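I have placed the structure first, in the form of structure tokens, so that the comments after it can refer back to it.
All of the numbers you see were taken from the coordinates with simple rules; none came from a lab. Predicted, not measured: the structure shown is a model, and the values here were computed from it. Note: ideal-geometry Cβ built from the backbone for every residue, glycine included; neighbour counts use all protein chains shown.
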Amino acid sequence: MHDMTQEALAEKLQVSRQTVIAIENNKYNPSLDLAFKLARMFDMPIEEIFEYEEDRDG
Amino acid sequence: MNNKTYRRYRIGIAIFVAATMSMAVSMDNTILAFSSVIIAIAFMAVVRSKTKRIVDEREVMVRQKAAQMTYAIFAPTIGMGSLLLILLADESNYYLEAMGVVLSYLTLFLIALFSISTLYFNRKYGGGHGKE
């Protein structure tokens, strides 16, 4: 969609590539700060990127 | 220097220390053992200063969970171990009691440190009797 590598995205967000992979694979819930950064980067509302699920360990 | 290069250096240093340590043990050479550790520490310090390492929120969370688990396992183990040593001690192996006492003090120190740091971080992040 945005034609960006995981490495490039990680660098822009100032996180590791493993964190980007973990978010993509639904293994890690990012903090609000990181979620907002992602939303701003993709110019989308947070709810379109993340879906709230109950009983998920952060 | 990025994370990947840093990890490569770290593995290299670990191999170097393991090799020189095994050599030092087989040759019974204390100077070699000490010098290899000192060289490794110095080299790691240089490498770390040249690296732009990213410690992000996921890594912090991983460390927190690892620390929690370590405490949850280590505190009861060392506590029960010290109790067992004190109970097993008799006149023929009196040193067990001394070891048990030392371990029990270490357990108390560990618990005290955990409690104090919990209190500190709880206050730092808005817990306690603040304004409502």
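Around the Cα centre of chain B, unit charges on the Cβ atoms of Lys, Arg, Asp and Glu (plus for the first two, minus for the last two) sum to a dipole of about 1220 debye. Ignoring the sites themselves, chain A has its longest run without GluC sites (Glu not before Pro) in a DSSP loop having at most 13 other Cβ atoms within 10 Å at A:1-50. Since only A:Ala10, A:Val20, A:Ser31 are under comparison, the one whose Cα sits farthest along the positive direction of the charge dipole of chain A, derived from C-beta charges on Lys, Arg, Asp and Glu, is A:Ala10.
The HN-Hα couplings worked out from phi for the range A:10-16 by the Karplus form 6.51 cos²θ - 1.76 cosθ + 1.60 (θ = phi - 60°) are 4, 5, 5, 8, 6, 10, 7 Hz, whole numbers, x standing for Gly and Pro.
As an equivalent ellipsoid, the protein assembly as shown spans semi-axes of 42, 30, 15 angstrom, where each value is the square root of five times an eigenvalue of the C-alpha gyration tensor, largest first.
Only helical DSSP H runs with n ≥ 4 go in: add -39500 (n - 2.57) per run for chain B, normalise by residue count and round the 222 nm mean residue ellipticity to 500 deg cm²/dmol. List each step's numbers first, then the result.
On the way: 4 runs with 108 residues, N = 132.
-29000 deg cm²/dmol, from helical runs alone.
In order along the range A:31-44, the phi-based Karplus estimate (6.51 cos²θ - 1.76 cosθ + 1.60, θ = phi - 60°) of 3J(HN,Hα) comes to 5, 4, 4, 5, 4, 5, 4, 4, 4, 5, 5, 8, 6, 9 Hz; Gly and Pro are listed as x. In chain A, excluding the sites themselves, the longest stretch lacking any of the chymotrypsin sites (Phe, Trp or Tyr not before Pro) that are in a DSSP loop with at most 16 other Cβ atoms within 10 Å is A:1-49. Averaged over peptide B:54-62, the number of partner chain Cβ atoms lying within 10 Å of each residue's Cβ comes to 6.
Separation of the alpha carbons by more than 23 angstrom is noted, of B:Lys4/B:Lys50; B:Lys65/B:Lys124; A:Lys37/B:Lys65; A:Lys27/B:Lys65; B:Lys50/B:Lys124; A:Lys12/B:Lys4, for A:Lys37/B:Lys65; B:Lys50/B:Lys124. Loop-located trypsin sites (Lys or Arg not before Pro) in the range B:32-132 (DSSP state other than H, G, I, E, B) with a sparse environment of at most 10 neighbouring Cβ atoms within 10 Å: B:Lys52, B:Lys131. For the range B:15-120, applying the loop criterion from DSSP together with a ceiling of 15 other beta carbons within 10 Å to the GluC sites (Glu not before Pro) yields B:Glu91. Over chain B, the ratio between the Cα radius of gyration and 2.2 N^0.38 Å evaluates to 1.54.
Once the Cβ-Cβ distance of B:Ile15 and B:Phe121 is raised to the sixth power relative to R0 = 41 Å, the FRET efficiency obtained is 0.65. Long hydrophobic helices in chain B, taken as whole DSSP H segments with a C-alpha length of 15 Å or more on their own axis and mean Kyte-Doolittle hydropathy at least 1.0: B:30-50, B:95-124.
Taking a ≥ b ≥ c as the square roots of the Cα gyration tensor eigenvalues, chain A comes out oblate, since a/c reaches at least 1.5 and a/b does not exceed b/c. Summarising the label geometry, the points placed 7 Å from Cα in the beta-carbon direction at B:Ile73 and B:Lys50 lie 3.5 nm from one another.
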